[in-house]
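Let me begin by presenting the structure, written as structure tokens, before commenting on it.
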Amino acid sequence: MSIRRSPAIVLSLVLSAAALLGAPGALASDGGTAKDVDGCDAASTYKLKVVTEDDGRLTVIGIVWSNDNDVWSWRLKHNGDVSYSGDVKAKDADQSFRIVRSMVDWSGPDTIVFRAQNDDTGEVCRGEVAL
């Protein structure tokens, strides 16, 4: 007996796999390090890195490389709640800034979101990782 697979079933399987591979952010199912690196909505770029520490904490590092020395408003969310926020001015030779914070590694999945917005131009950088 021959079973004929419907093209719709095959297409749905292919699209499901593509959606999983193209999902935003990075996943670290091993409890290690997760990274999200991308461009912002203008000329700047960002990197979000989350490291699971042995002491039950997460070290979260958000970096933005811009081409100006404007003030940026930033915030870090942990599972949908704002954990930290502030304002910072890009500096150094590469006109960048780095935010480093520690968070509690709750049991179960963790989602970390880093968002920074240039107060002068409105440019937004947003990264997300799931652990």
* Asked: Amide H neighbours of E123 under 5 Å, counting only residues 5+ apart in sequence or on other chains, H built in-plane at 1.01 Å?
  -> N118
* Asked: If you put +1 on each Lys and Arg Cβ and -1 on each Asp and Glu Cβ, how big is the dipole of the range 48-131 around its Cα centre, in Debye rounded to 20?
  -> 80
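In percent, how large is the relative contact order of the range 62-131, given Cα pairs closer than 8 Å and 6 or more residues apart?
Values: 132 pairs, mean separation 24.9, N = 70.
Relative contact order of the range 62-131: 36 percent.
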* Provide W106, W72, W65 ordered by accessible surface of protein heavy atoms (probe 1.4 Å), highest first. => W106, W65, W72
* Would you mind computing, in nm to one decimal, how far apart the modelled labels at D120 and A42 are, each placed 7 Å from Cα along Cα→Cβ? => 0.9
* Structure fact -> Descending accessible area (1.4 Å probe), largest on the left, turns C125, C40 into C40, C125
* **For S83, solvent-accessible area (1.4 Å; no DNA, RNA or ligand), Å²** => 50
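The values are calculated or read from the model by the stated rules, or taken from the named source; none is laboratory data. Here the structure is a predicted model, which is why all the values come from computation and not from measurement. Counting neighbours? That spans all protein chains shown, and the Cβs are built from the backbone with ideal geometry, glycine included. We work out accessible area using only protein heavy atoms, side chains counted, and drop any ligands, DNA or RNA first. Shrake-Rupley method; radii C 1.70, N 1.55, O 1.52, S 1.80 Å.
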